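Visitor: A single structure is presented below for examination.
The values are calculated or read from the model by the stated rules, or taken from the named source; none is laboratory data. Remember, predicted model here, so these are calculated numbers, not experimental data. Quick reminder, even Gly has a Cβ in these numbers, built from the backbone with ideal geometry, and neighbours come from all protein chains shown.
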Amino acid sequence: MGGELRFSEFFSHGAGLTTSLDALLHCEHSGIQHICVVQSPVFGRMLLLDGMVMLTEWDEFIYHEMLVHPALFLLPSPRRVLVIGGGDGGTVREVLRHPSIEHVDLVEIDPRVIAVAQSYFPTVAAGFSDPRVHLHHADGAEFVRSAPSGFYDAVFVDSTDPTGIAESLFGEAFYSECQRVLHATGVLALQSESPLHPVYCQTLPRVHRLLRPLFRHVASYLAPIPTYPTGIWSFTLASRHYHPLEDFSPTNAQQRMECLSGKLRYYTAELHRAAFALPGFVQELISEGLAQPAP
Ligand code: SAM
């Protein structure tokens, strides 16, 4: 008899996440990365890229709601949206909940991620069949270079870690193009890694250092993502026009929440404000990073 099936993801020196598995449902190499789907008794189905958790059925709602809704509820009536990465469909699903949305470009470098998500995570990937959604199998950094100026109301960067194929999505040139393709009142929101990660904690101050010259308002916020490395995750929102708190109306968001398609399980108007209240160590991480000379 074979031993118990298990999955572990360690972020440093054997520290990380582990779970027993009921089944290994899919495994392939797409030519770009390993793509696996496993079934966990607690976390449900899990999407793994190169052995790292991208989403679990158990907690993906937290990440996708928190990447998308602070930005979209800040905008009075978002219509055109660009999503870079996000091949599992969760970010697109959250964007489409807003009735004002007319056009979504999803730029995913690995088409096999989209195909696997459609097969194994139909409720996450449901938005891909929406006629407003346009799928592009391309490098996000290249796509933005040829996108029209001022076209988008919001840009979301839902990428893997800032290494390998995703490294270009954390660079100055890319952020400068994101600013160009955004409308003057547009909003950029991106996943900016974990402030507790021994290596990727430096992503947060680096993102601030690169975004602040391009956007008048740059602010980060946190959410717990239990199945991501360290369990605490940061997002960063940037806009030339809107301040994430001063220009956010909880009552307006509350009213608009009634018109969303489907019910949110994590994001609320109160939580929008609370999420931007950063712990001391995160404030220090950002301010110390900003004080250092750019590498
Ligand atoms: N929520 C996850 C996280 O925070 O790590 C990300 C999930 S999503 C599956 C990440 C996607 O980014 C992957 O499907 C990957 O193929 C895609 N990706 C990585 N680099 C990219 C690039 N340069 N252009 C477009 N998509 C890219």
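Visitor: Pairs under 9 Å by beta carbon, first residue within 24 Å of PRO111 (Cβ to Cβ) in the stretch 31-44, partner among the hydroxyl-bearing types (Ser, Thr, Tyr) and at pLDDT 95 or above, six or more apart or different chains?
Guide: Once the first residue is within 24 Å of PRO111 (Cβ to Cβ) and sits in the stretch 31-44, its partners that are among the hydroxyl-bearing types (Ser, Thr, Tyr) and at pLDDT 95 or above give GLN33/THR160; VAL37/SER119; VAL37/TYR120; VAL38/THR19.
Visitor: Suppose we filter the stretch 202-227 for residues that are touching a strand residue (DSSP E or B) at 6+ places or on another chain (Cβ under 9 Å), of a type outside the set (A, V, I, L, M) and over 21 Å from HIS69 (Cα atoms); how many remain?
Guide: Residues in the stretch 202-227 being touching a strand residue (DSSP E or B) at 6+ places or on another chain (Cβ under 9 Å), of a type outside the set (A, V, I, L, M) and over 21 Å from HIS69 (Cα atoms): 2 in total.
Visitor: How many of the residues making up the stretch 168-192 are more than 14 Å from ALA141 (Cα to Cα) and either among the aromatic types (Phe, Trp, Tyr) or in contact with a Cys (Cβ under 7 Å, 6 or more places away or on another chain) (or both)?
Guide: Number satisfying all stated conditions: 1.
Visitor: Limited to the stretch 126-169, what total is found for residues that are touching a Lys or Arg at 6+ places or on another chain (Cβ under 8 Å) and either closer than 29 Å to CYS27 by Cβ or modelled with pLDDT under 95 (or both)?
Guide: Residues flagged as touching a Lys or Arg at 6+ places or on another chain (Cβ under 8 Å) and either closer than 29 Å to CYS27 by Cβ or modelled with pLDDT under 95 (or both) within the stretch 126-169 amount to 2.
Visitor: For residues that are surrounded by fewer than 15 Cβ atoms within 10 Å (Cβ to Cβ) and of a type in the set (Val, Ile, Thr), tally how many sit in the stretch 5-59.
Guide: Result for the stretch 5-59: 2.
Visitor: Being surrounded by 11 or more Cβ atoms within 10 Å (Cβ to Cβ) and not in a loop (DSSP other than H, G, I, E, B) is the filter here; which residues of the stretch 248-268 pass it?
Guide: Those that are surrounded by 11 or more Cβ atoms within 10 Å (Cβ to Cβ) and not in a loop (DSSP other than H, G, I, E, B): PRO250, ASN252, ALA253, GLN254, GLN255, ARG256, MET257.
Visitor: Could I ask something else about it? Determine whether ALA71 is touching a strand residue (DSSP E or B) at 6+ places or on another chain (Cβ under 7 Å) and crowded, with 21+ Cβ neighbours inside 10 Å.
Guide: yes
Visitor: Before we move on, is ARG273 free of Cβ contacts under 8 Å to residues at least 40 places away in the same chain and surrounded by fewer than 18 Cβ atoms within 10 Å (Cβ to Cβ)?
Guide: The answer is yes for ARG273.
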